[in-house]
Amino acid sequence: MAENNKEKVTEISQLGEFGLIDHLTKDFPLKNESSVLGVGDDAAIIDVPEGKEALVTTDLLLEGIHFDVRYVPLKHLGYKAAVVNFSDVYAMNGTPKQITVSLGVSSRFTVEHIEQIYAGIRLACENYGVDLVGGDTSASQTGLVISITCLGEVEKGKAVKRSGAKETDLICVSGDLGAAYMGLQLLERENQVAAQSGDPNFQPNFAGKEYILERQLKPEARKDIIEKLNAAGIIPTSMMDVSDGLSSELLHICKSSDVGCRVYEDRIPIDYQTAVMAEELNMNLVTAAMNGGEDYELLFTVPLTDKDKIEKIEGVKMIGYITKPSLGAALITRDGQEFPIKAQGWQAF
Ligand code: ADP
Ligand code: MG
């Protein structure tokens, strides 16, 4: 297992279920006013302030399906498990406030392993101002299971859904795309090389590829973009986060909003390291950027009248526009050809 603590090994049975919960949750002081009661009772108590609405989102992560403990450090896994939930709350134009963490732990895991997961969860909670207020803990026969539920709040009526995009709206995306997917390809390649070498001291070669690796292992939620949009007085007409890949998310917005779209291939933001890795692996770069998941960037639409404001926001790019539904969703290539957008997003089933 990655980042195995070799010095100390405490079996979970030594602490017992309640001892483990106490041990894991003792360093999580509550920060938010709305967190009225946290861990330790049958349920947490959350206040929904006057004029606000509560948002709830949940994510389930299964070992072997969503992550591989051979090359994902457990602290990163905890961080990512929390951040992907925060990303969903920001994608509604909200602010994440509380999480609950449910764990299924297989017997291969020690107390120190679970501590690492919680160290990652704690860091994510600190970075984003979120409180841990509860959870559930159980043994698992099918590997590690982590499920995080996040509560957030948004001004009443200000939540941004997928369904509000209108004809002529501009389509915008934050950051860059495809890097997390290329980071995963890199991790898988180095893991294979390590296995084939048979050398237990094999050192993977990540030089010059730090960015794509970080995008895969330690994604961030775009709190900053939500703040910038608010400051600029821009309210997106529709919004979602890019977790399954741009193609799939564009189709979600088109379906929910009953519109079509045109996206320009040459406007899709791609980092240099993503391009280098795609070249090395002989993969089509645009396909990777359109269909690689886990970028956790924000995809949103704004009225055409917000164009000047959007141009001033650093880290946001206009990639296309919304059309009437009969035109469907299409990508316009560099040479002006139109290709229908199909969802090839990552699918576990
Ligand atoms: P119950 O029997 O009601 O499910 P538990 O004994 O499972 O209660 O949990 C006791 C308290 O510890 C509850 O407040 C619960 O939310 C919290 N808790 C349990 N497991 C976790 C966990 N993995 N992380 C954080 N809090 C937890
Ligand atoms: Mg319980």
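The values are calculated or read from the model by the stated rules, or taken from the named source; none is laboratory data. A quick note: this is a predicted structure, and the numbers were derived from the prediction, not measured. So basically every Cβ, Gly included, is an ideal-geometry build from the backbone, and we count neighbours across all protein chains shown. The protein model used for the area step is the full one, side chains on, heavy atoms only, and it has no ligands, DNA or RNA in it. Shrake-Rupley method; radii C 1.70, N 1.55, O 1.52, S 1.80 Å.
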Dipole of the chain [Lys/Arg +1, Asp/Glu -1 at C-beta], most positive-end residue of PRO303, CYS125, VAL36: PRO303
Net length gained if the chain between ALA207 and ASN284 were fully extended (0.36 nm per residue, minus Cα distance): 25.5 nm
Length added when fully stretched, LYS342-GLU188, from 0.36 nm per residue minus Cα-Cα: 52.9 nm
Among TYR321, TYR118, TYR272: highest mean-square fluctuation, GNM of the chain, C-alpha pairs under 10 Å: TYR272
³J(HN,Hα) computed for each position of the range 217-231 - Karplus, 6.51 cos²θ - 1.76 cosθ + 1.60, integer Hz, glycine/proline x: 8, 9, x, 10, 8, 8, 3, 4, 5, 4, 5, 5, 5, 4, 4
Accessible area (Å², 1.4 Å probe, nearest 10) - CYS125: 0
Built amide H within the under 5 Å cut-off of ASP131, gap 5+: GLN98, ILE99
Heavy atoms of HIS76: accessible area, 1.4 Å probe, square angstrom to 10: 50
Per-selection Kirkwood Rh - the range 1-91 (Cα, Å, 1 d.p.): 16.4
Estimated FRET transfer efficiency (ASP27, ALA195; beta-carbon r; R0 51 Å; 0.05): 0.90
Cα→Cβ-extended label distance, 7 Å offset, between GLU155 and GLU314, nm: 2.6
Charge dipole magnitude, Cβ of K and R +1, D and E -1 - the range 185-326, Cα centre, debye nearest 20: 520
Accessible carbon and sulfur surface of the chain relative to its total accessible area, %, 1.4 Å: 50
The range 159-211: proportion of alpha-carbon pairs further apart than 15 angstrom, %: 66
Cα centroid of the range 182-236 to Cα centroid of the range 271-295, whole Å: 12
Pairwise label distance in nanometres, LYS307 with GLU214, each label 7 Å out on the Cα-Cβ vector: 3.5
Greater than 25 Å apart at Cα, pairs in LYS166/LYS228; LYS52/LYS80; LYS317/LYS342; LYS161/LYS317: LYS52/LYS80
Heavy-atom surface of the chain, accessible at 1.4 Å and reported per residue (Å²): 49
Rg(Cα) / (2.2 N^0.38 Å) computed for the chain, rounded to two decimals: 1.04
